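Trainee: The structure is given below, and queries will be raised subsequently.
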Amino acid sequence: MIISIVSTKGGVGKTTVTANLSALLASIGKKVLVIDLDPQPTMTSYYDLAFEASGGIYEMIVLSELSPEKIISKTSISGLDLVKSNDSQNQLPQLLLNAPDGRFRLSALLKKIIQNSDYDLILMDTQGARSILLESAVLASDHVISPITPELLSAREFVRGTCGLLRDLEPITTYTNLTVPPVSVLINRLDDTADAREIASQITEMFSDKAQGVSVLDSVLRASISFRNSATQGLPVHIVEPKRPINRKTASGATQVGLLACELFPDWETDIRSNLFIEG
């Protein structure tokens, strides 16, 4: 399965979701490949690397290089591999615009990786701005997760930007065997203010009929210092906060990401629950 974490708005927590979801799944024995498509390589530096390949996403897309030893780095987390972001000058969008297969190249490359490897999941972390690279990621995916923070501007940008991107891609798929995948909205950094709860409720109601192939996940990620601490330490949140601290109502980081993983991957729920302490 190929999943992209997508939003046309920056700062909504795409990398946090990618890093913690991928590490949690690797910790229960799944083999996961993360692809960092953001020219600002936050995901690339999130975890220490046990092995750093000489190349990364640039060689993969421009040169069609798929040799694991050349483009796939290994993180310090067993089972979690990475194709690092190494397009610091952001040349890939222009190169893809000039290529006849620009929007479809990534899909073809990922299909080859899946055919020649034993990865259970490929997760793509993307840039928070619309580009041909973001469109390529969507078209290469089986499923899209779009984090939204419970703020009015974030909700508006999702409707205008991300939903607009999906609509614009529909005509392109008419001439290919690709489809625009379903999109799951993830409410991220939900705090206990009435305003945040109201906006989250409005977003859920807006897509209650799964209009435009968009639905809202039941799972949410709360505004919690545990996610910030995990990023600072370079560790997944299920390691930093495996259980809920005493005198706090909000579920632990492990439970929050665990419930999200159970909802996204119901076939793996037994493995997730048997390996993690999930409250409730």
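Where a number appears in this text, it was derived from the coordinates with a stated rule and is not lab data. Computed from a predicted structure; not experimentally measured. With ideal geometry, Cβ positions are generated from the backbone for all residues, glycine too; neighbour counts draw on all protein chains shown.
Trainee: Hey, what did the chain get for relative contact order, percent, Cα under 8 Å, at least 6 apart? Don't jump to the answer; show the numbers that get you there.
Mentor: Numbers: 531 pairs, mean separation 59.3, N = 280.
Worked out over the chain, it gives 21 percent.
Trainee: For the stretch 198-280, state the average projected area of the convex hull of the C-alpha atoms over all orientations, rounded to one decimal in nm². Don't skip to the end; give the middle numbers.
Mentor: Working: hull surface 27.9 nm².
Reported value for the Cα convex hull: 7.0 nm².
Trainee: In what sequence do GLU241, GLU205 fall when counting other Cβ within 10 Å, fewest first? All intermediate terms of the calculation are to be shown ahead of the outcome.
Mentor: On the way: GLU241 23, GLU205 10.
Result, fewest neighbours first: GLU205, GLU241.
Trainee: Considering lysine pairs in the chain that are 8 or more places apart or on different chains, how many have Cα atoms under 15 Å apart?
Mentor: Details: LYS30/LYS74; LYS31/LYS74; LYS70/LYS84; LYS74/LYS84.
Eligible lysine pairs with Cα atoms under 15 Å apart amount to 4.
Trainee: Continuing with this model, one more query. Report relative contact order for the stretch 140-280 in percent, whole number only (criteria: Cα-Cα under 8 Å, sequence separation at least 6). Mind dumping the intermediate values first?
Mentor: Working: 178 pairs, mean separation 26.1, N = 141.
In percent, rounded to a whole number, it is 19.
Trainee: Using label points projected 7 Å from each Cα along Cα→Cβ, tell me how many nm separate ASP267 and GLN40, to one decimal.
Mentor: 3.6 nm
Trainee: Taking the Cα centre of the stretch 2-271 as the origin, how large is its charge dipole in debye, to the nearest 20, when only Lys and Arg (+1) and Asp and Glu (-1) carry charge on their Cβ atoms? Could the numbers behind the result be given before it?
Mentor: Working: 24 positive and 31 negative charges, 64 e Å.
With only Lys, Arg, Asp and Glu charged at Cβ, the dipole is about 300 debye.
Trainee: Once every Cα of the stretch 13-124 carries one equal point scatterer and solvent is ignored, give the base-10 log of I(q)/I(0) from the Debye formula at q = 0.15, 0.19 Å⁻¹, two decimals.
Mentor: -0.61, -0.98
Trainee: On to the next question. If you take the beta carbon distance between ASN275 and ARG160 as r and set R0 to 35 Å, what does 1/(1 + (r/R0)^6) give as a FRET efficiency, to the nearest 0.05?
Mentor: Efficiency computed from Cβ-Cβ geometry: 0.30.
Trainee: Looking at the chain, what % of the alpha carbon pairs are farther apart than 24 Å? Present the calculation step by step, with values, prior to reporting the outcome.
Mentor: Numbers: 18665 of 39060 pairs.
Counting pairs separated by more than 24 Å, the tail of P(r) holds 48 percent.
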